[in-house]
1. Which one is least open to solvent (accessible area, probe 1.4 Å) among residues in the range 310-352 that are among the basic types (Lys, Arg) and not in a helix (DSSP H, G or I)?
2. Go over the candidates Ile221, Ile315, Ile323 one by one and state the one that is in contact (Cβ under 8 Å) with a residue 12 or more places away in the chain, more than 19 Å from Lys58 (Cα to Cα) and of a type in the set (A, V, I, L, M, F, W, C).
3. Quick check: anything in the range 268-285 under 12 Å from the mean Cα position of the chain (by Cα) and modelled with pLDDT of 95 or more?
4. Answer with yes or no whether Ala25 is modelled with pLDDT of 50 or more, surrounded by 15 or more Cβ atoms within 10 Å (Cβ to Cβ) and not in a strand (DSSP E or B).
5. Within the set of pairs 6 or more residues apart or between chains, which connect a residue that is among the acidic types (Asp, Glu) inside the range 164-181 to a residue that is modelled with pLDDT of 95 or more with Cβ atoms less than 8 Å apart?
6. Assuming Asn330 fulfils every condition listed in (1) closer than 20 Å to Tyr246 by Cα; (2) touching a helix residue (DSSP H, G or I) at 6+ places or on another chain (Cβ under 9 Å) apart from one, which condition is it?
7. Specify which of the listed residues (Ile331, Ile323, Ile293) is of a type in the set (Val, Ile, Thr), in contact with a Lys or Arg (Cβ under 6 Å, 6 or more places away or on another chain) and farther than 20 Å from Ala225 by Cα.
8. Might you check whether a residue that is closer than 20 Å to Tyr195 by Cα, open to solvent by less than 40 Å² (accessible area, probe 1.4 Å), assigned to a helix (DSSP H, G or I) and in contact (Cβ under 8 Å) with a residue 24 or more places away in the chain occurs anywhere in the range 70-78?
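The values are calculated or read from the model by the stated rules, or taken from the named source; none is laboratory data. Note that the structure is a prediction, hence the values are computed from the model and not measured. Every residue, glycine among them, receives a Cβ derived from its backbone with ideal geometry; neighbour counts consider all protein chains shown. Quick note on the areas: whole protein, heavy atoms, side chains included, nothing else; ligands and nucleic acids left out. Shrake-Rupley method; radii C 1.70, N 1.55, O 1.52, S 1.80 Å.
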Amino acid sequence: MIVLADLSNFSFAQDGKKIKTQKIAAGKIERYFARRENDAKFSGAVLAARNGSLIFKKGFGMANFEFSIPNSPRTRFRIGSVTKPLTAIAVMMLQEKGRLNVEDGICKYLSASSCPDEWRDVKIRHLLTHTSGIPDLFGAMDAVPVEKTAEEIDRVIAGIKNRQLKARPGEVYAYSNFGYCLLGYIIEKASGKLYAELLDDYIFKPLQMNGTLYDDPRPLIKDRAEGYIRRSGQIYNDKLTDPAGYSAGGLLSSVEDLLVLNDALNSGRLLSRESLDRMFTPFKNEYGFGWKITADKNGRVFNHTGETHGFSSHIAYYPKEKIFIVVLSNIENEDARNTASDIAGIIFDQNP
C-alpha cells in the first residue's frame, strides 16, 4: 500500500497540476520497488517528502526473516555513519550554548595525560571535516558499552607508539571513524553528559523522535530490525557483534524520525542560520561538518551514507526544492545511496 500524506498541506495546494505530479511520483516509486522484486529484493524502509509533506513512505521485506516480521516506516534500523550528522548537530548545539567552540584545540577536552603533544594543533573543526591528520584508530577500539567508550578512547590513545600525524591539520581529507569517536568524547567532557544522554535530552526528546536511540545490544528494543547480508542472491544473518559505533555510527532510527529531524534542522528549530551555514559549507572533498555537500543532475544536495554490520542507509536533502529522501535497509550490501538517487530522479522527473 502506498502511503500518501494529505497533499493539501503543500504550499502549492491550489495548483492541481503540481499535486497530480506528486501522486504520479508516488505511483512510480511504488512500481520502481515492484520491479526490484524480480531482481535483488529490497529489504528496509523508504520515505520521501517535499517541504515536510509526504510523497511516499513504505516498508519492504522483513525486519526479521526467520520470524517473518515485516519492515515498516516505524522499524528501527542501525543507521551507521548517518550518526555523524547528528554528532555534528550536537557539537554545534553545544557551541551555541557556550560549552565549546569548534576552534578549540581537542587537547582541551582530552585527558591531560593522554593527549599527545603532536595533536596540540588539531581543532574540533578538523575532526568534523575529517582533516585532523590523526590516524584512524577505530579498529584498535574494543567493543565496550557506550558508557565506557571514553575510557576505551583513553586506553587506545595511551597505547599509541607512533603519535605523529599523517598530515598537518586542515590539509588532507581522510575519512575517520576514530575522529568522530573523539567528537563523542569531547561532547561528553564539554556537557557533563554521556553522548547518548545528550542526544536524548537535546534532540530526541524535544522533537519526540521516539524511535531514535543508541543501539545498545543489551536491552530489548521494540521494533529493532535484525541485520543481514546478501551473498549470491541469498540472505544470511549478519549478527551485530560490535556495539562500539559510538558517535561515529552507533544510532538506531526510523525513516519517520529522520524526517522529523530534517524538518526541525532546516526550519531553524535546532540551530541558528549561522550554525547551519557553517555546517553545510564544504571544506575538503565536499565534506562540511558531518555532511557531504554535493551536486547531482537534480541539484545541490546535503547527504550522508551509512554502512555497518547488517545495515545500509542514506539520507539526502535538496535544499532548493526542499525534497528529503531517506533509505534505511537491513541488508549490509544494499546500495542505499543509489536507491535514494533513483527515488530522487523519479520525483524530479515529475516536477512541472
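1. In the first step, residues of the range 310-352 are kept if they are among the basic types (Lys, Arg); the result is 320, 322, 337.
Now narrow it down to the ones that are not in a helix (DSSP H, G or I): 320, 322.
Numbers: Lys320: 179, Lys322: 96 Å².
Ranking the qualifying residues of the range 310-352, first place goes to Lys322.
2. Numbers: Ile315 fails: more than 19 Å from Lys58 (Cα to Cα); Ile323 fails: more than 19 Å from Lys58 (Cα to Cα).
Being in contact (Cβ under 8 Å) with a residue 12 or more places away in the chain, more than 19 Å from Lys58 (Cα to Cα) and of a type in the set (A, V, I, L, M, F, W, C) holds for just one of Ile221, Ile315, Ile323, which is Ile221.
3. Within the range 268-285, the subset under 12 Å from the mean Cα position of the chain (by Cα) is none.
No, the range 268-285 contains no residue that is under 12 Å from the mean Cα position of the chain (by Cα) and modelled with pLDDT of 95 or more.
4. Values: modelled with pLDDT of 50 or more: yes; surrounded by 15 or more Cβ atoms within 10 Å (Cβ to Cβ): yes; not in a strand (DSSP E or B): yes.
Yes, satisfied.
5. Glu171/Thr131; Glu171/Gly133
6. The number of the failed condition is (2).
7. Of Ile331, Ile323, Ile293, the one residue that is of a type in the set (Val, Ile, Thr), in contact with a Lys or Arg (Cβ under 6 Å, 6 or more places away or on another chain) and farther than 20 Å from Ala225 by Cα is Ile323.
8. no
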